[in-house]
Amino acid sequence: MNVGDERSRSVWMNIRVAPDAKPLDGDASADTVVVGSGIAGLSTAYELAARGQTVIVLDRGAIGSGMTARTTAHLTSLCDDSFDSLINKRGVDVAKQFYLSQASAIDRIEKVQPTSLSSATSGDWMDTCSPR
């Protein structure tokens, strides 16, 4: 399914993220190239840049305009199915690992968000390559 074919609209779909980000207009090099400027792609790019990598983010559309634009973006340590179901299918150890990984991700977002909000929306920390 192409996300562009979807009819649902979230309240933040009209917010432009990093409106001054320039399209790629020539050859470029970086330590890492991330394909996709949604939550996963930008989170990966942010973490790599914070560790000293040079990063280029490529996307065929506007930043955050794919599936990320349609997410509720809620943070939870729960899974779609109940933990009881997960335990029955995969065992207690896997369920604990799942919970801990989700809780850790939430902790990381809470730690990063206050310090990076202004730079994330301005695009200062990344080079973004998008269509013209």
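Worth a mention:
- Amide H within-cut-off set for VAL34, under 5 Å, with H built and near neighbours excluded: ILE56, VAL57, LEU58
- Distance from region 38-58 to region 78-113 (C-alpha centre basis), Å: 24
Bear in mind that the values in this text are calculations on the coordinates, not laboratory data. Keep in mind that what you see is a predicted model, and the values were worked out from it rather than measured.
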